[in-house]
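Below is one structure, written out as C-alpha cells; comments come after it.
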Amino acid sequence: MATPLQLSLAINGREHQLSGKLVPYLPPADGGNGHGPGSGTVAIVGLGYVGLPTALALYGRSRRVLGIDISDERLRVIAARAADLAEFDRPVLDAALRSGTLELTSDTGAVSAADAVIICVPTPVDDDHAPDLAALRGACASVVAGARPGQTIILTSTTYIGTTRELLTEPLAARGLIAGQDVFVAFSPERIDPGNPDHEHRETPRVVGGVTAACAQRAAAVVSLLTDQVYVLSSPEAAEATKLYENIFRAVSLALANEFADACTALGLDPIEVTLAAGTKPYGFLGAFPGPGVGGHCIPCDPYYLLWQLGERDHSAPLIEQAMRSIALRPGRVVDRAAQLAGGDLAGVKVVVVGASYKAGVADLRESPAIPIIDGLAALGAAVSFYDPLVPVLRLPSGREIRTVTGPRGEDFDLAIVHTLHPGASYAWVAACKQVLDATYRFDAAPHRAVV
C-alpha cells in the first residue's frame with residue numbers, strides 16, 4: 001500500500017491530507033479460493049512497445065500468456081528474439097518463449113481462450129492532430145467479437161475520455177454481455193518508461209477504473225499481477241483522464257523547460273545547473289530538463305486527444321494549446337541555432353546528428369525530433385548525416401532513407417548536433433568536430449560546445 005510520501009504532487013505538503021482519497025486494491029484474504037487471475041490465461045492484444053513488455057511482466061505470474069498481434073512480421077521478429085527491448089527484458093523473452101508460457105499468434109479469435117484480455121495497441125494522431133483510432137477500433141472489435149462470459153477485459157491504450165464505454169461496454173452489451181454481470185470491463189492506463197530500468201512494471205503503481213465496482217475489482221486483480229500497487233478509481237473515465245493529465249503535465253513541463261533554457265542561454269546561464277538547484281527545494285517544484293524536442297508515442301500525441309475532445313464541445317485549453325505549439329516548433333529552433341553557428345548559411349555544411357531515436361536506450365523513432373531536424377537542415381542545403389548505434393536506417397518525410405554513419409570521425413564534419421546519447425556508446429569522436437551544438441545541454445565531452 002502506497003504512503004502519502006510516494007505521491008508526486010507539488011502542493012506544499014497537502015498530499016498528506018488528500019492521499020486518503022486514493023483507494024488501494026486489496027487482494028481477497030483467501031486469495032480468491034484458487035481462482036485468481038494468476039491461475040488463468042491472459043491475452044495481450046498488440047505486441048508493440050507496450051504490449052510486449054506487458055506480456056513479459058506476466059511471465060512467472062500467469063501460467064499462460066497469449067500474445068496476439070495482427071502483424072506476422074512483428075511476430076517473426078519477436079520469435080527471433082530481435083524485438084527492440086530493454087536489456088533486462090531480453091532473457092525474460094527467451095525464457096517465456098522456451099517454456100511455452102508465451103504463445104504468439106495472429107489469430108484474434110484466440111481471445112476467446114483467455115480469462116483476461118489486455119488491449120495494448122497504439123493510438124497516434126493524424127496529420128491534423130485528430131485521434132487516429134483505426135488500430136484501437138479494430139482491436140476492440142476483435143475482442144468484443146471473441147468475448148465470452150466471465151472474462152475481464154482491460155483497455156490500456158491512451159485515448160479520449162469515454163472510449164472504454166464507446167468501444168467496449170456498449171458493443172459488448174449489444175452482444176448481450178453486460179459489464180459487471182457477464183463480463184468485467186475497465187480502463188487501466190499503461191505506465192511504461194521504455195529503456196529505463198528504474199521504472200519496472202513491478203515498482204510502478206497503476207490505476208484502474210471499472211465500469212462497475214465488480215469490474216474494478218476483477219481488473220485490479222489482473223493488474224496486480226504486473227505491479228504491487230494498484231489504486232481503484234471511480235470510473236473508466238477517471239482513469240482515462242488520469243493518463244491524459246499525466247502526459248499533458250509532462251508536455252507543459254517540457255515546453256517550459258525548453259523556453260527557460262532559451263532564457264538561460266540568452267543570459268549566459270547553465271539551465272541544467274539552475275534546474276538542479278531548483279530541484280533541491282523539497283516542495284512546490286517539479287522540474288524537467290530541456291532538449292531538442294519531444295518524441296515518443298505519448299507526449300507529442302496524447303494531449304491532442306483532450307484538445308480534440310474539448311474542441312468538439314467548443315471548449316478551449318489555451319495553456320495546453322500553446323505548450324503543444326512550442327513543442328512542435330522546438331526542432332526548428334535547433335535548426336535555426338545550427339544555421340547561426342554556421343554563420344547564417346548551412347549550404348554545403350557537413351552536419352552529423354548524433355543520435356536519432358527519441359530517447360536514450362531505445363531504437364524508437366516515433367515522433368523523434370531528429371527527423372524534422374534532419375529534414376530542416378537538408379532543406380537549407382546542409383550535407384546531413386546521422387549516427388545512431390541503435391538505428392540503422394532513418395526515413396525522412398519525403399520518403400528518402402539515409403543510413404547511419406559507421407565508424408564516425410569528428411574530423412569529417414563541420415558541425416555535430418548532439419540529439420540522443422545512448423548508454424554504453426562511445427561519443428569521444430564528437431569532440432573532434434569543428435563545432436558542436438549540444439541540444440541535450442548535458443554533453444560535456446566537447447569543451448567548445450554551444451547549446452541551443
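The values are calculated or read from the model by the stated rules, or taken from the named source; none is laboratory data. All values derive from a computational prediction rather than experimental measurement. Using ideal geometry, Cβ is built from the backbone for each residue, glycine included, and neighbour counts are taken over all protein chains shown.
Observations, loosely collected:
- Taken over region 285-324, the criterion of being among the hydroxyl-bearing types (Ser, Thr, Tyr) and under 23 Å from Tyr358 (Cα atoms) is satisfied by Tyr304, Tyr305.
- Yes/no for Ala95 being farther than 26 Å from Leu365 by Cβ, modelled with pLDDT of 95 or more and not assigned by TED's automatic domain parsing to the domain that holds Leu390: yes
- Condition check for Tyr304: in contact with a strand residue (DSSP E or B) (Cβ under 9 Å, 6 or more places away or on another chain) and hydroxyl-bearing (Ser, Thr, Tyr): yes
- The sole residue among Val92, Val121 that is in contact with a strand residue (DSSP E or B) (Cβ under 8 Å, 6 or more places away or on another chain), buried (at least 17 other Cβ atoms within 10 Å of the Cβ) and part of a loop (DSSP other than H, G, I, E, B) is Val121.
- Condition broken by Met324, with the remaining ones in (1) in a loop (DSSP other than H, G, I, E, B); (2) crowded, with 18+ Cβ neighbours inside 10 Å; (3) not assigned by TED's automatic domain parsing to the domain that holds Thr440 satisfied: (1)
- In this structure, Phe289 does satisfy being at pLDDT 95 or above, in a loop (DSSP other than H, G, I, E, B), surrounded by fewer than 18 Cβ atoms within 10 Å (Cβ to Cβ) and touching a helix residue (DSSP H, G or I) at 6+ places or on another chain (Cβ under 7 Å).
- Just one residue in the set Val354, Val334, Val436 is surrounded by 16 or more Cβ atoms within 10 Å (Cβ to Cβ), outside the structural domain of Ile192 (by TED's automatic domain parsing) and free of Cβ contacts under 8 Å to residues at least 60 places away in the same chain; that residue is Val436.
- Single residue of Thr275, Thr280 found to be hydroxyl-bearing (Ser, Thr, Tyr), in a helix (DSSP H, G or I) and more than 24 Å from Ser316 (Cβ to Cβ): Thr275
- Total residues in region 11-48 satisfying the condition of being part of a loop (DSSP other than H, G, I, E, B), out of contact with any strand residue (DSSP E or B) (no Cβ under 6 Å at 6 or more places or on another chain) and modelled with pLDDT of 70 or more: the figure is 7.
- Any chance Leu133 is touching a residue at least 12 places away in the same chain (Cβ under 8 Å) and over 23 Å from Thr163 (Cβ atoms): no
- Residue that is surrounded by the most Cβ atoms within 10 Å (Cβ to Cβ), among those in region 226-256 that are in contact (Cβ under 8 Å) with a residue 40 or more places away in the chain and part of a loop (DSSP other than H, G, I, E, B): Leu226
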